[in-house]
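Reviewing the structure listed below.
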Amino acid sequence: MKPTSLSNFIDAIPGCTPDALSAPQAQQIILAFAEPVEGSETVPLRNALGRILAIDIVSPTNVPPHDNSAMDGYALHGNALDGAGEFELKVVGTAHAGHGYSGSVVGRECVRIMTGAIMPAGCDTVVPQEFVQSVSDASVTIAGGVVAPGDNRRLKGEDLCAGKPALHKGRIMRPADIGLLASLGIAEISVMRPIRVAIFSTGDELRAPGAVLDPGCVYDSNRFTLHGMLTRLGCEVIDLGIIEDNPASLEAALRSACRSTDAVITSGGVSDGDADYTRDVMSRFGDVMFWKIAMRPGRPMAFGTIVSDGKSACLFGLPGNPVAVMATFYFFVRPALLRMMGAAGKPSSMMRVACQSAIRKKPGRTEFQRGILSTDDSGTPQVRTTGAQGSGILRSMSEADCFLVLPDDRGNIEPGELVDVVLFEGLI
Ligand code: AMP
Ligand code: MG
């Protein structure tokens, strides 16, 4: 259940105030307010890649549906194996994948068998082709002691067993999952509907790429990184463009975003130095708070629920600096959107590696430095930073392949110390 109001929720967390939130506290609050959206749709299996499974899938059948051979060779009964010495068996037929041997096998008989062919009646073991000493039309001589009873046979249901769970609701569908459902004979599946997310940039200094850059202006990059990150997550993106720095434009943009989307992500205009009207306008639309988070990059942030014409949307007011946008997106917005999309499981995986050089850091805030992973001479993973870590240096995100996540309690890092790293691949 979504908590009633942001301020009540924050008041109930010991030592938590909107002006000095820790990054983990902010993450906890945002997740508590993100609720799965309603609605699912049925799609052909191939179109389910990256979508979120809306139901539990129970295996309707056994995979494989019958005991079959794991190798090309000769199928026999384990009792026919003759200890250490080589032995001869009579070949009574052939079994191909899709075309089994219909007779049964007794005593010192065997069947020539191909990978995937059904095990003939009376057989439980396959001697691979390479252990065969000699072959004539009617018999085969096999080296002794090379296989044990039951070897090289794949058992019915050993991959997936009829009636057992195959995939759980909330699964983000990967290629292996799609193949797994195909192996069960499932041709279409129910996935959660995509969530709709509106984005806009705020700032009179912003110009769209392709336009003339007037003096004192910069090109708007945030809508482009946001568009990319949201697309990778599988969201439907509604791009509302650049919104001028004035209350009427901001109000109109929020109103239109709120009417047709599940979430609204803005960038810029939420820091201390910015015009006060941002607070007034955003707060007028619902339960919105302005936070100062103990993190770098990305200290100011607005978060809440906005409502217009009876429609509500989750609002993320991100700071304007391009690296701050990406860091706050990955660590706050992404987990919340995944929850709204109905995804289950851990949002990102960390690994711990040695840092190649010293890093200066003050305790009391979480830092998300941009890093490059490599291996040392012995093949052990190591990480270095991309250099200058200014929150406006977007090149640092482009050059990096991971974030170094340095938590609140850490101070300076010495060369060789272990640090937590989150890989971009899988995150981006
Ligand atoms: P603000 O948070 O609005 O004070 O902006 C902080 C810094 O980020 C300023 O230098 C802005 O020019 C820059 N900035 C804000 N929005 C964008 C954007 N969409 N693209 C690139 N830079 C931006
Ligand atoms: Mg601004």
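The values are calculated or read from the model by the stated rules, or taken from the named source; none is laboratory data. From a predicted model like this one, the values you see are computed outputs, not experimental measurements. As a convention, Cβ positions derive from the backbone with ideal geometry for all residues, glycine included, and neighbour counts pool all protein chains shown.
Before we move on, is residue 262 over 30 Å from residue 388 (Cα atoms), under 23 Å from the mean Cα position of the chain (by Cα), modelled with pLDDT of 95 or more and surrounded by 14 or more Cβ atoms within 10 Å (Cβ to Cβ)?
Yes: the conditions hold for residue 262.
Of the residues 220, 272, 280, which single one is at pLDDT below 95 and within 14 Å of ligand 2 (Cβ to nearest atom)? Checking each option against the conditions leaves just 272.
Report yes if some residue within segment 233-244 is closer than 20 Å to residue 314 by Cβ, free of Cβ contacts under 8 Å to residues at least 40 places away in the same chain and in contact with a Phe, Trp or Tyr (Cβ under 7 Å, 6 or more places away or on another chain); otherwise report no. Before the answer, list the steps.
At the first step, the residues of segment 233-244 found to be closer than 20 Å to residue 314 by Cβ are 233-240, 243.
Still in the list and also free of Cβ contacts under 8 Å to residues at least 40 places away in the same chain: none.
Checked segment 233-244: no residue is closer than 20 Å to residue 314 by Cβ, free of Cβ contacts under 8 Å to residues at least 40 places away in the same chain and in contact with a Phe, Trp or Tyr (Cβ under 7 Å, 6 or more places away or on another chain).
So, residue 342, is that one at positive phi, modelled with pLDDT under 95 and away from ligand 2 (no atom under 14 Å from the Cβ) or not? It is false that residue 342 is at positive phi, modelled with pLDDT under 95 and away from ligand 2 (no atom under 14 Å from the Cβ). Does residue 331 satisfy being away from ligand 1 (no atom under 16 Å from the Cβ), under 26 Å from the mean Cα position of the chain (by Cα) and either buried (at least 23 other Cβ atoms within 10 Å of the Cβ) or not charged (D, E, K, R) (or both)? Answer is yes for this residue. Screening segment 189-203 for residues that are at pLDDT 95 or above and not in a strand (DSSP E or B) and picking the one that is nearest to ligand 2 (Cβ to nearest atom) gives 195.
Under the condition of being at positive phi and away from ligand 2 (no atom under 16 Å from the Cβ), the residues counted in segment 223-241 number 1.
Determine which member of the set 163, 170, 107, 179 is out of contact with any Phe, Trp or Tyr (no Cβ under 8 Å at 6 or more places or on another chain) and without any contact (Cβ under 8 Å) to a residue 24 or more places away in the chain.
Matching residue, one of 163, 170, 107, 179: 179.
Looking at 366, 375, which is the one that is over 21 Å from the mean Cα position of the chain (by Cα) and surrounded by fewer than 17 Cβ atoms within 10 Å (Cβ to Cβ)? Reasoning before the result, please.
Details: 366 fails: surrounded by fewer than 17 Cβ atoms within 10 Å (Cβ to Cβ).
Among 366, 375, only 375 is over 21 Å from the mean Cα position of the chain (by Cα) and surrounded by fewer than 17 Cβ atoms within 10 Å (Cβ to Cβ).
Residue 214 meets each of the listed conditions (1) in contact with a Pro (Cβ under 7 Å, 6 or more places away or on another chain); (2) within 16 Å of ligand 2 (Cβ to nearest atom); (3) charged (D, E, K, R) apart from (1). Within 14 Å of ligand 2 (Cβ to nearest atom), more than 27 Å from the chain's Cα centre (by Cα) and modelled with pLDDT of 95 or more, is that true of residue 267? No, not satisfied. Please identify the pairs in which a residue from segment 271-290 that is closer than 18 Å to residue 8 by Cα has its Cβ atom under 8 Å from the Cβ atom of a residue that is more than 16 Å from ligand 2 (Cβ to nearest atom) and assigned to a loop (DSSP other than H, G, I, E, B), counting only partners at least 6 apart or on another chain. Short answer, once both residue conditions are applied: 287/5; 289/18; 290/18.
Filter segment 228-285 down to residues that are in a helix (DSSP H, G or I) and among the β-branched types (Val, Ile, Thr) and give me whichever is nearest to ligand 1 (Cβ to nearest atom). Quick ask: steps written out before the conclusion?
Restricting attention to segment 228-285, the residues satisfying the condition of being in a helix (DSSP H, G or I) are 228-233, 247-260, 277-284.
Still in the list and also among the β-branched types (Val, Ile, Thr): 231, 278, 281.
Numbers: 231: 17, 278: 9, 281: 14 Å.
That would be 278.
Note on segment 83-171: enclosed strands (runs of 3 or more DSSP E) holding 2 or more residues that are among the charged types (D, E, K, R) are 87-95, 109-113.
Give segment 213-224 a look and list any residue that's surrounded by fewer than 20 Cβ atoms within 10 Å (Cβ to Cβ) and within 11 Å of ligand 1 (Cβ to nearest atom), or say none.
Looking only at segment 213-224, we keep the residues that are surrounded by fewer than 20 Cβ atoms within 10 Å (Cβ to Cβ), and these are 213-219, 221, 224.
Of everything in segment 213-224, those that are surrounded by fewer than 20 Cβ atoms within 10 Å (Cβ to Cβ) and within 11 Å of ligand 1 (Cβ to nearest atom) turn out to be 216, 217, 218, 219, 221, 224.
Yes or no: segment 404-415 includes at least one residue that is closer than 28 Å to residue 263 by Cβ and assigned to a helix (DSSP H, G or I). No, the conditions are met nowhere in segment 404-415.
Taking the numbered list (1) under 27 Å from the mean Cα position of the chain (by Cα); (2) part of a strand (DSSP E or B) in turn, residue 337 passes all entries but (2).
Taken over segment 308-340, residues that are in contact with a Lys or Arg (Cβ under 9 Å, 6 or more places away or on another chain) and within 28 Å of residue 53 (Cβ to Cβ) amount to 2.
Within segment 302-314, is even one residue within 13 Å of ligand 1 (Cβ to nearest atom) and either surrounded by fewer than 23 Cβ atoms within 10 Å (Cβ to Cβ) or more than 21 Å from residue 368 (Cβ to Cβ) (or both)?
Step one: list which residues in segment 302-314 are within 13 Å of ligand 1 (Cβ to nearest atom), which gives 302.
Narrowing the set further to residues that are either surrounded by fewer than 23 Cβ atoms within 10 Å (Cβ to Cβ) or more than 21 Å from residue 368 (Cβ to Cβ) (or both) leaves 302.
Yes, that holds for at least one residue.
Do the conditions hold for residue 75, that is, is it of a type outside the set (D, E, K, R), closer than 30 Å to residue 299 by Cβ and in contact with a strand residue (DSSP E or B) (Cβ under 6 Å, 6 or more places away or on another chain)? When the stated conditions are applied, residue 75 does not pass them.
Screening residue 155 against (1) surrounded by 18 or more Cβ atoms within 10 Å (Cβ to Cβ); (2) closer than 19 Å to residue 98 by Cα leaves a single unmet condition, (1).
Tell me, yes or no, whether segment 187-208 has at least one residue that is within 14 Å of ligand 1 (Cβ to nearest atom), over 30 Å from residue 310 (Cβ atoms) and either of a type in the set (Ser, Thr, Tyr) or without any contact (Cβ under 8 Å) to a residue 24 or more places away in the chain (or both). Yes, segment 187-208 contains at least one residue that is within 14 Å of ligand 1 (Cβ to nearest atom), over 30 Å from residue 310 (Cβ atoms) and either of a type in the set (Ser, Thr, Tyr) or without any contact (Cβ under 8 Å) to a residue 24 or more places away in the chain (or both).
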